[in-house]
Amino acid sequence: MKNYLTASISASALRHNIAVLRRLVGSSVKLCPVVKDDCYGHGMDVLYPVFSGLVDGFAVASPIEALALRQKGYAGLVLCFLSAYFDDLEVQDELVEKGITQTVMSKTALATIQTAAIRVGKKALVHLKVDTGMGRLGVPARQAADLITAIHECDGVDLTGIYTHFATADEADRSAVFQQLELFKSVLPKDRKIICHAANSAATINLPETHFDMVRPGIAVYGCRASNALGNAVDLKPCMEVSAKLIAVKHIPKGGRSGYGLTHEYTRDSRVGIVPIGYGDGYFRNLSNQAVVRINGMEAPVRGLVSMDQMTVDVTDIPGVQVGDKVEVISSDPRAPNCVENLAVLAGTIPYEITCHLGHNIRHVLVD
């Protein structure tokens, strides 16, 4: 962790986003935010106290993430998208013991979970995942009924939910989503005594017919749109601002160059600042010679190639810049040129990747 790099995480923005999503889905639909990969890089340690009293559960990717929530004292629903199959018997036992809701996608997985339930002497809680067209994890829809029957016949295992995941909910053309939705509806148990859920961020915001009993918003909770195709349908507030401090300011004459490969040539006598962040900290190298940072409210273009732990910015047009000045590397203002979504466009990627990469090497602080 680098103490000179700070991710300021806004508690008020998170509360605002959760309230917006609550209003969208209504009081009868549970809100289960996805908090995998350390809350998409925003930091579970700082966000958990804000989250815990506002949501109806958490969805995580791995057993380690699930058990960490129990260690924090959370007693509610924790849905684990992956589970401890194969040789992780001790972890599997702990998941059952701690009441973690595991995902079942096959009879093999079911047998493993049942064996753990017998060892522990406690009911194992499971949700069935159905592949309705994503082509990733999940039991094929045509086999779902058979697996539901197998779960009901399985002593020690309690089926408490069923879900699917949309492949194209964040795209303008939603025809594939509606095909998946109809297929999902066709396999739902008739009594509907279990929790049914399908909606990710995009579907939560734009497709009320997908809400069912619970929604699983991810990136929207943290204030970003899943894609530009969605427009600004709701008023979300980005939760993260990443800042650094200038560690050097120097003069480079006209014709001088910066960085590995000397990819930028200065066309005038210039002043440049060195910012101690680079691709080793999650700031993408392909933002070189494209992105800007902000210093004293003014834009400073990134010049030359981003290095592993530093980059050069042109501060010629910013008067009075000196060592120690704050550098706003990523802005929490969604209109800023260096907000997460704009940086994602420049990097040719998605907002998820920008925030997730920034999570591992930067000090996280909860503000407001």
So what are the radius of gyration and Dmax for the Cα set of the chain, in Å? 23.5, 78
What's the magnitude of the charge dipole for the stretch 26-100 around its Cα centre, counting Lys and Arg as +1 and Asp and Glu as -1 at the beta-carbon? Answer in Debye, nearest 20. 420 debye
Cα centroid separation - the stretch 172-230 against the stretch 330-362, whole Å: 25 Å
Ranked from highest to lowest mean number of other Cβ atoms within 10 Å per residue, what is the order of the peptides 196-208, 17-29, 165-177, 329-341? 196-208, 329-341, 165-177, 17-29
222 nm mean residue ellipticity, helices alone, for the chain (DSSP H n ≥ 4; -39,500 (n - 2.57); rounded to 500): -8000 deg cm²/dmol
Under a cut-off of 14 Å between alpha-carbon atoms, report the aspartates and glutamates in cross-link reach of K254, not counting same-chain residues fewer than 8 places apart. E265, D269, D314
Check: in the stretch 11-228 the Lys pairs 8 or more apart or on separate chains whose Cα atoms fall under 14 Å apart number 5
Just want the answer: with Cβ charges of +1 for Lys and Arg and -1 for Asp and Glu, which residue in V345, G133, G256 is farthest toward the dipole's positive end in the chain? G256
Signed unit charges on C-beta, dipole axis of the chain, positive-most listed residue H211, Q180, G273: G273
Subtract the Cα-Cα distance of L137 and D368 from 0.36 nm times their separation in residues, and report this length gain in nm to one decimal. 79.3 nm
Would you work out the relative contact order for the stretch 11-228, in percent, from Cα pairs under 8 angstrom that are 6 or more residues apart? 20 percent
Spin-label point model (7 Å from Cα, Cβ direction): what's the E265 to R285 distance in nm? 2.4 nm
How big is the charge dipole of the chain about its Cα centre, in debye rounded to the nearest 20, if each Lys and Arg gets +1 on its Cβ and each Asp and Glu gets -1 on its Cβ? 420 debye
Working from the alpha-carbon coordinates of the stretch 1-147, get Rg over Rh, Rh being the Kirkwood radius. 1.01
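Could you work out the relative contact order of the chain? I mean the mean sequence separation of Cα pairs under 8 Å and 6+ apart, divided by the number of residues, in percent. Write down the numbers at each step before the final one.
Details: 815 pairs, mean separation 72.8, N = 368.
Worked out over the chain, it gives 20 percent.
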Sorted by chain and number, the residues with a modelled amide H under 5 Å from that of D325, at a separation of 5 or more or across chains, are L246
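Please report, to one decimal in angstroms, the Kirkwood hydrodynamic radius of the stretch 110-185 built from all distinct Cα-Cα pairs.
Evaluated over the stretch 110-185, this radius sits at 13.6 Å.
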If amide H atoms are built 1.01 Å from N in the plane of the peptide, which residues on other chains or at least 5 residues away come under 5 Å of the amide H of V78? F58, T101
Total charge dipole magnitude, the stretch 19-165, about the Cα centre, Cβ charges on Lys, Arg, Asp, Glu only, Debye to nearest 20: 520 debye
Taking H placed 1.01 Å from N in the peptide plane, check which residues at least 5 places from V104 or on another chain put their amide H under 5 Å from its amide H. H127, L128, K129
How high is the relative contact order of the stretch 59-128, given as a whole-number percent (alpha carbon pairs under 8 Å, six or more residues apart)? 30 percent
What is the calculated FRET efficiency for D191 to L82, with r their C-beta to C-beta distance and R₀ = 30 Å, to the nearest 0.05? 0.60
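Readers should treat all values here as calculations from the given coordinates under stated rules, not as data from a laboratory. This is a predicted model, so every value here is computed, not measured. We place every Cβ from the backbone using ideal geometry, glycine too, and count neighbours over all the protein chains shown.
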